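Comments concern the structure below.
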2 protein chains.
Amino acid sequence: MVKRTSFEGDDCPIARSLEQIGDWWSLLIIREALFGVRRFGEFQGKLGMAKNILSARLRALVDHGILATAPASDGSAYQEYVLTPKGRGTFPVLVALRQWSEEFDDRPEEIATILVDRAKGRPVKKLELRAEDGRLLGQGDTMLKPRPVPRRRSAG
Amino acid sequence: MVKRTSFEGDDCPIARSLEQIGDWWSLLIIREALFGVRRFGEFQGKLGMAKNILSARLRALVDHGILATAPASDGSAYQEYVLTPKGRGTFPVLVALRQWSEEFDDRPEEIATILVDRAKGRPVKKLELRAEDGRLLGQGDTMLKPRPVPRRRSAG
DNA sequence: CTTGTGTGGTTGCATTATAAAACCAGATGC
DNA sequence: GCATCTGGTTTTATAATGCAACCACACAAG
């Protein structure tokens with residue numbers, strides 16, 4: 001088979017997440033959804049993507065439990081696509097991507113928006129990775145360990 | 001033209017970052033690079049990907065300033081691919097993806113590794129988004145604002 | 001310097017995904 | 001009932017992906 005390699009059974013959590021949201025459109029669909037977009041036509045209009053692709057992506061996102069379909073809130077017989085908790089959980093990913101662009105993009109002046117604290121209207125700080133004791137961690141302060149095997153009562 | 005839509009001129013920073021690292025392989029290549037992988041064959045062996053695809057991806061990553069080529073450190077005439085600061089700046093993105101998998105994956109028991117604080121060997125905390133004054137922010141506590149136009153001396 | 005082997009790719013071909021546009025069914029509006 | 005809008009599916013063309021084969025150069029042995 002020559003189909004696109006799937007990371008579904010991979011043991012790397014990054015590969016596993018890319019399997020679900022690692023394509024060109026999914027994260028943009030989720031981004032719109034986070035800002036309240038719910039209807040097919042609304043996604044299509046905002047993102048300017050082909051309808052068949054949008055259709056396929058929405059179905060995949062629903063299959064992965066990132067979006068769920070719901071009856072339209074305006075009383076019409078159409079349906080809507082709403083984020084599940086898993087879908088809303090992608091927010092840090094989107095923030096990380098945004099901040100990476102803001103910091104390293106070659107033409108940052110083309111970036112149209114900034115993410116601000118709603119209460120104060122001030123830009124948010126960079127995402128912080130901390131240790132259990134609160135120390136700020138960079139990449140070099142971390143390492144990977146094998147996941148501990150979950151304890152089973154049978155073995156004692 | 002029917003080619004894959006490019007987000008290069010898009011004004012959304014998320015789209016812009018996806019343009020550079022939003023494909024299936026780039027982030028995995030960067031992940032390996034963060035763990036010290038530098039040689040073509042080493043990437044190919046660890047990721048199990050086709051060599052032509054790897055070749056194309058490495059070239060694109062170099063073009064985008066995420067990787068740089070350097071003479072091999074072992075004295076041989078071959079070259080190596082090393083992360084630039086921009087490349088190392090993707091670390092929060094990878095952490096966010098990892099944590100999303102850890103929290104929402106349907107089969108988390110298949111995840112082989114955990115990210116730990118090197119000093120203590122303890123798992124890291126979840127990425128935190130904070131306001132300037134230190135308040136912890138969720139998605140609902142944020143909003144997008146138009147980017148302020150940079151001040152130019154000529155017009156003023 | 002000739003042969004052999006490993007590294008680091010490129011090329012060719014089959015398959016799959018993406019894109020645009022045409023088409024279509026059901027809901028809605030008049 | 002007829003036109004139109006919404007939310008798709010189908011059709012067809014092009015681009016990306018994946019595998020395998022091939023190739024060039026570095027390096028080593030004889």
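The values are calculated or read from the model by the stated rules, or taken from the named source; none is laboratory data. The structure presented is a predicted model; accordingly, all values stated were derived computationally and were not measured. Here Cβ is always computed from backbone atoms with ideal geometry, including for glycine, and neighbour counts include all displayed protein chains. Areas reflect the complete protein model, heavy atoms only, side chains present, ligands, DNA and RNA absent. Shrake-Rupley method; radii C 1.70, N 1.55, O 1.52, S 1.80 Å.
Before moving on, here are some points about what is shown:
- A 1.4 Å probe run over the protein chains yields, for chain A, 54 Å² of accessible area per residue, whole-number rounding.
- Percent carbon-and-sulfur accessible area, region A:55-156, ignoring ligands, DNA and RNA, probe 1.4 Å: 52 percent
- Remark: region A:98-104, residue by residue, has Karplus-estimated 3J(HN,Hα) of 4, 5, 5, 4, 4, 7, 10 Hz, where x stands for each Gly or Pro and the curve is 6.51 cos²θ - 1.76 cosθ + 1.60 at θ = phi - 60°.
- Computed over region A:62-156, relative contact order equals 13 percent, with contacts defined as Cα pairs under 8 Å that lie 6+ residues apart.
- Percent of Cα pairs exceeding the 16 Å cut-off, where the set is region A:13-84: 44 percent
- Shielding by partners - mean other protein chain Cβ count within 10 Å, residues of A:22-34: 4
- Remark: mean inter-chain Cβ contacts per residue of A:81-88 equal 2, using a 10 Å Cβ-Cβ cutoff to other protein chain atoms.
- Out-of-range pairs (alpha-carbon distance over 19 Å; input A:K145/B:K126; A:K51/B:K145; A:K126/B:K125; A:K126/B:K86; B:K46/B:K120; A:K125/B:K125): A:K51/B:K145; B:K46/B:K120
- For chain B, calculated [θ]222 nm from helices alone, where every DSSP H run of n ≥ 4 adds -39500 (n - 2.57): -10500 deg cm²/dmol
- Computed about its Cα centre, the charge dipole of region B:13-84 is approximately 100 debye, with only Lys, Arg, Asp and Glu carrying charge at their Cβ.
- Partner shielding of B:130-140 amounts to 5, given as the average count of beta-carbon atoms from other chains within 10 Å of each residue beta-carbon.
- Within region A:1-71, chymotrypsin sites (Phe, Trp or Tyr not before Pro) in DSSP loop having at most 13 other beta-carbon neighbours inside 10 Å: A:F35
- Dipole magnitude of chain A, debye to nearest 20 (Cβ charges: Lys/Arg +1, Asp/Glu -1, about Cα centre): 600 debye
- Charging the Cβ of each Asp and Glu at -1 and of each Lys and Arg at +1, and nothing else, the dipole of region B:91-132 about its Cα centre rounds to 320 debye.
- Each of A:M49, B:L54, A:G22 was placed along the dipole of the protein assembly as shown (beta-carbon charges, centred on the mean Cα), and the one lying farthest toward the positive end is A:G22.
- Contact surface B-A: accessible area buried, both sides summed, square angstrom, 1.4 angstrom probe: 8500 Å²
- Counting only protein heavy atoms and using a 1.4 Å probe, the accessible area of A:E42 comes to about 80 Å².
- Rounded to two decimals, the Cα-based Rg/Rh of region B:91-132, with Kirkwood Rh, is 1.01.
- Dipole of the protein assembly as shown, positive direction: furthest Cα of B:L136, A:G87, B:W100, with charges on the beta-carbon: B:L136
- Each of the peptides B:87-95, A:81-89 was scored by the mean count of other Cβ atoms within 10 Å over its residues; in descending order, highest first, they stand as B:87-95, A:81-89.
- For chain A, the ratio of Cα radius of gyration to the globular rule of thumb 2.2 N^0.38 Å stands at 1.29.
- Long-range tail of P(r) for the protein assembly as shown (Cα pairs > 36 Å, %): 20 percent
- Listed peptides A:51-61, B:13-23 by packing density, highest first (mean Cβ within 10 Å): B:13-23, A:51-61
- Euclidean distance between Cα centres, region A:59-80 to region B:5-66, Å: 33 Å
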